[in-house]
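Here is the structure we will look at.
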Amino acid sequence: MMYSSEKTEKWFNAYVDSFKIEGALAPMQELKRKHSFRVQRLASAIAESLEWDEENDAWTAHAIGLLHDTARFSQYRDYQTFQDSASFDHGDRGAEILAAEFDWQGIEPGDREKVLTAVRHHNKIEIPANVPLSVYRWCALARDADKIDVFRMVQSRIDKGTIYDMLPRHKRVQGLSPALVDEIRTTGRGSYANARSLQDYRLIQLTWALDLNFPVSVVTLKEEGIFRRIADDLREYKIDDVIDSLMKKIDEA
């Protein structure tokens, strides 16, 4: 492999193609394939803007962005869902798949660990405190790039009226879960265990804004007006204290 982004993409494309049936991915798998390339571009752009220009940094950013959701393809094939609680933790499984199947020939052990650790922790509530600082920033990069694309993707699908194609299980219920509102009011974070509706998912998304690691990530989404759109959409549910508290923290970020 060596440090070749072209070869990394070639490996990823071959891996994803192995899930095609009669020449095509399932629509939800195709959604994740496109998402992976967008996150790759975001991760590379953020790393470049932060002037991470040591040897192999460009490849590492590219690989982390592209490979972060590697486990999503087998997850959907085997369980027909992207819900980790109903299948497996896709960060942990992705790191396992990559450790076993990716072509690591010529890649330094330290860079291999950056990729695997970032993939493992990109979907966790927070990055574990015991992750070494030299690896921590790569976990932060994966998380920010992933969140930015999901923010954009959800808003775009709401605008186009196709959001339930992406989040089908959230169609059954409307409104906010009292348990989720109480959790966020108390802790500032929300768990998917308390999420039932699209509105619940949007409220959790608003808390994500406080988990962005780099100022450029916050500024990018602020300028696109996405945080304000979420807040405005949730106003009718009479939780102004929660929304105002979150928006104040976002504005100060």
The one condition in (1) more than 13 Å from the chain's Cα centre (by Cα); (2) in a loop (DSSP other than H, G, I, E, B); (3) touching a residue at least 60 places away in the same chain (Cβ under 8 Å) that THR60 fails to fulfil: (2)
MET247 vs (1) touching a Pro at 6+ places or on another chain (Cβ under 8 Å); (2) more than 23 Å from TYR136 (Cα to Cα): all pass except (1)
Residue within the stretch 180-189 that is in contact with a Gly (Cβ under 7 Å, 6 or more places away or on another chain), farther than 20 Å from HIS35 by Cα and open to solvent by 40 Å² or more (accessible area, probe 1.4 Å) present: yes
Selection from the stretch 131-166 of residues outside any helix (DSSP H, G or I), of a type outside the set (S, T, N, Q) and at negative phi yields VAL131, PRO132
Looking at the stretch 214-230, which of the residues that are farther than 14 Å from VAL154 by Cβ and touching a Leu at 6+ places or on another chain (Cβ under 8 Å) is least open to solvent (accessible area, probe 1.4 Å)? VAL218
Enumeration of residues in the stretch 189-203 that are touching a residue at least 60 places away in the same chain (Cβ under 8 Å) and farther than 13 Å from SER85 by Cβ: ARG189
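Report yes if ALA100 is part of a helix (DSSP H, G or I) and closer than 15 Å to VAL119 by Cβ, otherwise no. Show your work before the answer.
Working: part of a helix (DSSP H, G or I): yes; closer than 15 Å to VAL119 by Cβ: yes.
Spelling it out, ALA100 is indeed part of a helix (DSSP H, G or I) and closer than 15 Å to VAL119 by Cβ.
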Of the conditions (1) within 24 Å of ASP89 (Cα to Cα); (2) small (Gly, Ala, Ser); (3) surrounded by 19 or more Cβ atoms within 10 Å (Cβ to Cβ); (4) within 16 Å of the chain's Cα centre (by Cα), SER197 satisfies every one except a single condition; which number is it? (4)
Note down all Cβ pairs under 8 Å where the first residue falls in the stretch 1-21 and is of a type in the set (D, E, K, R), the second is open to solvent by 40 Å² or more (accessible area, probe 1.4 Å), and they're at least six residues apart or on different chains. LYS7/ASP103
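Looking at the stretch 5-20, which of the residues that are open to solvent by less than 30 Å² (accessible area, probe 1.4 Å) and not aromatic (Phe, Trp, Tyr) is nearest to ALA71 (Cα to Cα)? It would help to see each step written out before you state the result.
From the stretch 5-20, those open to solvent by less than 30 Å² (accessible area, probe 1.4 Å) are 8, 12, 15-16, 19; that's our starting set.
This time we only want the ones that are not aromatic (Phe, Trp, Tyr), so: 8, 16.
On the way: THR8: 16, VAL16: 10 Å.
Top of the filtered list is VAL16.
Quick one: how many residues across the stretch 231-253 are open to solvent by 40 Å² or more (accessible area, probe 1.4 Å) and over 19 Å from MET153 (Cα atoms)? Break it down into steps so the answer makes sense when it comes.
We begin by selecting, within the stretch 231-253, every residue open to solvent by 40 Å² or more (accessible area, probe 1.4 Å); these are 232-233, 235-238, 240-241, 244-245, 248-249, 251-253.
Going one step further and asking which of them are over 19 Å from MET153 (Cα atoms), we end up with 235-238, 240-241, 244-245, 248-249, 251-253.
Count: 13.
The values are calculated or read from the model by the stated rules, or taken from the named source; none is laboratory data. Here the structure is a predicted model, which means the values were calculated and not measured. Cβ: placed from backbone, ideal geometry, glycine included. Neighbour counts: every protein chain shown. SASA here: full protein model, heavy atoms, side chains in, ligands and nucleic acids out. Shrake-Rupley method; radii C 1.70, N 1.55, O 1.52, S 1.80 Å.
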